[in-house]
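Below is a structure I'd like to ask you about.
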């Protein structure tokens, strides 16, 4: 029996590109990591491509490393999409059940979700996901899976997630130019949720907060369903910038200081402790570590204030029993969970990718949450599990890009 086709998750972040390659065999429930790759990235600003050539180069480098480790060529990817251009709205789709017997089939569910997409969108926007939160069959409300039930009228209450067409076009064009096809676009908070949240957490109610370098993504779940999503235009890269300005040092040195000496709360750091800059660079002098922690805490307070505002918009401020799950590179800052508990008034923990075997130790890191989640999302789709209540979409932009590149083939 031939090995299954590798499934690839591609996460293009503000500071780095991450690729994770996985396989799942028919007799196994657990996917196996067979390859991974990373490359520095500086061509994205808050999810927006600022330099296509540099993005192509970064993605190519990460894919080449992943191919070398996996020992196979990669031709298709599940691509994460992020940025403040992503927006969220709710809509209702209503259809008549097609079968004479009144039994609801999968095609009826798909039609109801398609009907829910008949919404007015801003200019240059397109739908990335249409996600059902609940169904109503005739007068029966709160149904999670209507397939097999009998009725005359089916309603789907759906979350519609949209993005800017020009921004999506630039990032998909960059990926297509590396020679791989895009199977599906998935917004980063959903991908991270697939990798790091359990069904129990989603059922009880939780919020995943993905702190990247340029953005912070939020996905709120309750009763097993997605309740709300948002992407904030602020991330851990802003902390680095604040340190560079506050200490009058370079960005590279500020990043080193954050990684090696950073702490989320100033009260935990002695006012007498200093950082010798000469140990990090050619710069001379010493700076108080307590002052660095004050700079970090001020920016984190702003981030958590914005997160709490989104929780209030969703009507779930302080009301999520499973609390906050932090992922992304910014979540690794020491003391962060305690500060999050204090500011958000909820339980808090760091999230790590789950359900894996193979070279797990290399991707057992919140930084890889999106890439691992994209790979798992792809395996779900390709093994027929799919994502019930999610209308699978590459988006019109992805379809156009595919056709455009095929026009160059002999």
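The values are calculated or read from the model by the stated rules, or taken from the named source; none is laboratory data. Just so it is clear, the structure is predicted and the values come from calculations on it, not from any experiment. Cβ sites come from the backbone with ideal geometry, for glycine too, and all protein chains shown count toward neighbours.
Does residue 14 satisfy the criteria of being within 20 Å of residue 215 (Cα to Cα), touching a strand residue (DSSP E or B) at 6+ places or on another chain (Cβ under 9 Å) and not in a loop (DSSP other than H, G, I, E, B)?
In short, no.
Is there a residue in the stretch 171-191 that is surrounded by fewer than 18 Cβ atoms within 10 Å (Cβ to Cβ) and touching a strand residue (DSSP E or B) at 6+ places or on another chain (Cβ under 6 Å)?
yes
So residue 270 passes all but one of these: (1) in a helix (DSSP H, G or I); (2) exposed (fewer than 11 other Cβ atoms within 10 Å of the Cβ). Which condition number does it fail?
(1)
Taking the stated definitions as given, is residue 79 surrounded by 17 or more Cβ atoms within 10 Å (Cβ to Cβ) and more than 25 Å from residue 231 (Cβ to Cβ)?
Criteria not met by residue 79.
Do the conditions hold for residue 335, that is, is it at positive phi, buried (at least 19 other Cβ atoms within 10 Å of the Cβ), touching a helix residue (DSSP H, G or I) at 6+ places or on another chain (Cβ under 8 Å) and touching a residue at least 40 places away in the same chain (Cβ under 8 Å)?
yes
Got a sec? Which helices (runs of 4 or more DSSP H) wholly within the stretch 312-392 have at least 2 residues that are at pLDDT below 90 and over 16 Å from residue 194 (Cβ atoms)?
Filter on the stretch 312-392 gives 360-363.
Scan 243, 239, 251 and give me the residue that is over 19 Å from residue 186 (Cα atoms) and either surrounded by fewer than 24 Cβ atoms within 10 Å (Cβ to Cβ) or modelled with pLDDT under 95 (or both).
Going through 243, 239, 251 in turn, just one is over 19 Å from residue 186 (Cα atoms) and either surrounded by fewer than 24 Cβ atoms within 10 Å (Cβ to Cβ) or modelled with pLDDT under 95 (or both): 251.
Taking the conditions exactly as written (closer than 25 Å to residue 220 by Cα and part of a loop (DSSP other than H, G, I, E, B)), does residue 121 satisfy them or not?
When the stated conditions are applied, residue 121 passes them.
Scan the strands (runs of 3 or more DSSP E) fully inside the stretch 128-196 and keep the ones with 3 or more residues being under 24 Å from residue 216 (Cβ atoms).
Counting at least 3 such residues, we get 153-164, 181-187.
Still on this structure, I have one more. I'm trying to understand the selection: among the residues of the stretch 95-104, which are in contact with a helix residue (DSSP H, G or I) (Cβ under 6 Å, 6 or more places away or on another chain) and part of a strand (DSSP E or B)?
Of everything in the stretch 95-104, just one residue is in contact with a helix residue (DSSP H, G or I) (Cβ under 6 Å, 6 or more places away or on another chain) and part of a strand (DSSP E or B), namely 95.
Being touching a strand residue (DSSP E or B) at 6+ places or on another chain (Cβ under 6 Å), free of Cβ contacts under 8 Å to residues at least 24 places away in the same chain, crowded, with 17+ Cβ neighbours inside 10 Å and farther than 23 Å from residue 15 by Cα narrows it down to one residue among 324, 275; which is it?
275
Suppose we filter the stretch 286-321 for residues that are in contact (Cβ under 8 Å) with a residue 60 or more places away in the chain, more than 22 Å from the chain's Cα centre (by Cα) and over 30 Å from residue 90 (Cα atoms); how many remain?
Qualifying residue count for the region: 0.
Of the conditions (1) surrounded by fewer than 20 Cβ atoms within 10 Å (Cβ to Cβ); (2) in a loop (DSSP other than H, G, I, E, B); (3) touching a residue at least 60 places away in the same chain (Cβ under 8 Å), residue 283 clears all except one; give me its number.
(3)
One line per residue, one yes/no per condition, for (1) within 22 Å of the chain's Cα centre (by Cα); (2) modelled with pLDDT of 95 or more:
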| site | (1), (2) |
| --- | --- |
| 52 | yes, no |
| 62 | yes, yes |
| 71 | no, no |
| 98 | no, no |
